[in-house]
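Accompanying notes for the structure given below.
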Amino acid sequence: MTRFSDTDRALMQRALALAENGMWTTTPNPRVGCVLAQGASVVGEGWHESAGAPHAEIHALAAAGDRARGATAYVSLEPCSHQGRTPPCAEALIRAGVRRVVAAVRDPHPEARHGGERLAEAGVGFEHGLFEDEARELNIGFFSRLTRARPWVRMKIAATLDGRTALRDGRSQWITGAEARADGHRWRARACAILTGIGTVKADDPQLTVRAVPTTRQPRRVVVDSRLDIADDARVLRDDGALLYAAVPPPAPRPNAEVVVLPNARGKVDLPAMLADLARRGVNELHVEAGFKLNGSLLREGCVDELLIYLNPSVLGDGAQGMFDLPPLDALEGRPRLRLRSVDRVGDDLRILARL
């Protein structure tokens, strides 16, 4: 096993920090950072900013110039080896005379991978596995799409301490405080698409946009609407690009939306097939903000990876809607089990991140 030095560790941590600059902008591409160093001295660095723009390695090489010769490149993802919208980064590193490349994690892309082999063929030292878990976490949706053919699904829920998410009639604005709502928009911003159900559209008429934080890109808006009951003037349809997943063919085109008909045997939308379709469209992270019925369906059908729950110190009592519409259990052993990732206070609310 490769033993990495303290310098290696420090510079890879810098590469990972640089990659985070693309958290809201790189979709459907991965977030990648690169540091070029002569020993412990940084001579160039960069990150991937957006799809179609130069990759992190190219920015770092441009900053380093002639100082790249003989340097070590620390990259949060294995340099690509194919010609896509941009030239292969492995070849650029070879031409620049880089002596050694350390990648946090190998690239799962079937075409872009094998940059490490190309570097080794050219006599460039290639090592990987330094902060691999952190690098995968940074691009959890990209790895999910490439290895599982489905996005990473993060379900956001705002609830009271007694687990209630809306009044009996479905109204839910606002259960949590302003700080928690702004924090939720940061999670929206990193997603490729935001999904809700027709029940939430009818009750709250959401925009499904990022507003509380500055961003140059809006996630795609997605609605599960089995019977195509959405009104033409719904706010989610105000701008072009919405996706409607239905179980019946549309009687006529819907404004500013594409309708995808994916019925299951029960006449509802086939949710696993929907995730596969979103993956084919380049969706890495899917952010769900729906009502208890769709939340329950997604959970029952194994379509949820992570729960992002904001708990407000209040109660709504009996009759209010809960988090999930799930059938009763016969035994405690049958309940879905989760693993806590973090518990933090955001304003007056608690934010819980948990994974199934």
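The values are calculated or read from the model by the stated rules, or taken from the named source; none is laboratory data. Note that the structure is a prediction, hence the values are computed from the model and not measured. With ideal geometry, Cβ positions are generated from the backbone for all residues, glycine too; neighbour counts draw on all protein chains shown. All accessible areas refer to the heavy atoms of the entire protein, side chains included, with ligands and DNA or RNA removed. Shrake-Rupley method; radii C 1.70, N 1.55, O 1.52, S 1.80 Å.
What helices (runs of 4 or more DSSP H), lying completely within segment 129-192, carry at least 2 residues that are more than 22 Å from residue 305 (Cα to Cα) and at pLDDT 95 or above?
Values: elements: 132-138, 140-148, 178-190.
Once the helices (runs of 4 or more DSSP H) in segment 129-192 are filtered for at least 2 residues that are more than 22 Å from residue 305 (Cα to Cα) and at pLDDT 95 or above, what remains is 178-190.
Using the structure shown, decide if residue 107 is under 20 Å from residue 59 (Cα atoms) and more than 14 Å from the chain's Cα centre (by Cα).
Values: under 20 Å from residue 59 (Cα atoms): yes; more than 14 Å from the chain's Cα centre (by Cα): yes.
Yes; evaluated as a whole, the condition is true for this residue.
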*Filtered residue count, segment 40-86, keeping only those that are at negative phi and free of Cβ contacts under 8 Å to residues at least 24 places away in the same chain*: 4
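Quick test for you: out of 351, 337, pick the one residue that is surrounded by fewer than 16 Cβ atoms within 10 Å (Cβ to Cβ), within 30 Å of residue 30 (Cβ to Cβ) and out of contact with any Gly (no Cβ under 7 Å at 6 or more places or on another chain).
Numbers: 351 fails: surrounded by fewer than 16 Cβ atoms within 10 Å (Cβ to Cβ).
On inspection, the qualifying residue turns out to be 337.
So is residue 179 under 24 Å from residue 282 (Cβ atoms), under 24 Å from the mean Cα position of the chain (by Cα) and not small (Gly, Ala, Ser) or not? Let's see the steps before the verdict.
Working: under 24 Å from residue 282 (Cβ atoms): no; under 24 Å from the mean Cα position of the chain (by Cα): yes; not small (Gly, Ala, Ser): yes.
Criteria not met by residue 179.
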*Within the group 148, 168, 186, 217, which residue is under 16 Å from residue 347 (Cα atoms) and surrounded by fewer than 23 Cβ atoms within 10 Å (Cβ to Cβ)?*
186
_Among the residues listed as 75, 42, the single one being within 22 Å of the chain's Cα centre (by Cα) and among the β-branched types (Val, Ile, Thr)_ = 75
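What number of residues within segment 193-214 satisfy the criterion of being in a helix (DSSP H, G or I) and either hydroxyl-bearing (Ser, Thr, Tyr) or open to solvent by less than 20 Å² (accessible area, probe 1.4 Å) (or both)?
Going through segment 193-214, the residues in a helix (DSSP H, G or I) turn out to be 198-204.
Right, trim to either hydroxyl-bearing (Ser, Thr, Tyr) or open to solvent by less than 20 Å² (accessible area, probe 1.4 Å) (or both) and you get 200-201.
Going through segment 193-214 one residue at a time, the tally reaches 2.
Residues are listed down the side, and each one gets a yes or a no for (1) aliphatic (A, V, I, L, M); (2) open to solvent by 10 Å² or more (accessible area, probe 1.4 Å); (3) within 21 Å of residue 236 (Cβ to Cβ):
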residue	(1), (2), (3)
280	no, yes, no
293	no, yes, yes
300	no, yes, no
303	no, no, yes
321	no, yes, yes
